[in-house]
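Structure first, commentary second.
The values are calculated or read from the model by the stated rules, or taken from the named source; none is laboratory data. Only a predicted model underlies this, so the values are computations on that prediction, with no experimental measurement involved. Here the Cβ is made from the backbone with ideal geometry for all residues, glycine too, and neighbour counts use every protein chain on show.
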Amino acid sequence: MTQPDYVPVRPSDRVRPSERLNVPGAWRQVRPGELLELTPPAGDRLGAAGPDLGYGLKLAKRLEPRLAVPEGEDIHDVVAGCFACGARRAATYGRAPVIHDFQWAYTLWGYMGQPPDDLVAARTPAMRGAAHDYWHQRAVADAVADEAIRLTPAQVAERIGEWRRFLEL
C-alpha cells in the first residue's frame, strides 16, 4: 500500500530498489500466431471453428444405419468426410451442429436417397481415406460450394441432379 510523502517512514520500512519493477516498454502485436483482425483467417484447409463439434461427431455416427454405402466405399470414410461438411455448415451459422447438418451432408454427397451414377463415381475417390487423414477431411469439406451450405436437407434432396453446382470435385 502506498504511503503519502508527508508521513515519516523509517529507513528500514522504505521500499528497496530491488523490489521495484521496471516500467514495461511499448508492446506490439508481431508474433506470427496473433490475429491482427477481429475475423479469423479464411481459406482452403483452414477449417471453420465451431462449438461442441464432439457432439456433432456423435450425431453423424447416429445416422450410420440410414446410409446407403455401396461396395467399395468405407463407412468410416463416409462418416468422417460428411462430418467435416456438416461441422463446416454449423460453424458457418455460428452454432453447434444439429442432426440436420449431417442429414444435409449425407444427402448432398448422395448417401441418403437415390444419387445419380456420376455422383457415385465422383465421390468414391473423394471420400477414400477421409477417416485417416485430417487434411483429406478438410479437402472434402472445402469441396462443398458456399451456395449449398444455405440449402436445407430437403432442398438438397430435390436438387441432387445439380450436384456439380454444389460440389467442386
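The residues on offer are Val23, Val69, and the sole one that is assigned to a loop (DSSP other than H, G, I, E, B), modelled with pLDDT under 90 and not acidic (Asp, Glu) is Val23. Annotation for the stretch 3-14: no member residue is surrounded by 10 or more Cβ atoms within 10 Å (Cβ to Cβ), under 22 Å from Asp133 (Cα atoms) and either of a type outside the set (Phe, Trp, Tyr) or in contact (Cβ under 8 Å) with a residue 60 or more places away in the chain (or both). Does Thr92 satisfy the condition of being touching a residue at least 12 places away in the same chain (Cβ under 8 Å) and polar (S, T, N, Q)? For Thr92, the condition - touching a residue at least 12 places away in the same chain (Cβ under 8 Å) and polar (S, T, N, Q) - is met.
With respect to the conditions (1) touching a helix residue (DSSP H, G or I) at 6+ places or on another chain (Cβ under 8 Å); (2) under 17 Å from Ala48 (Cα atoms); (3) surrounded by fewer than 13 Cβ atoms within 10 Å (Cβ to Cβ), Pro70 falls short on a single one, namely (2).
In this structure, Ala131 does not satisfy being modelled with pLDDT of 95 or more and part of a helix (DSSP H, G or I). Between Ala131, Ala121, the distinction of being closer than 18 Å to Leu59 by Cα and of a type in the set (Gly, Ala, Ser) belongs to Ala131 only.
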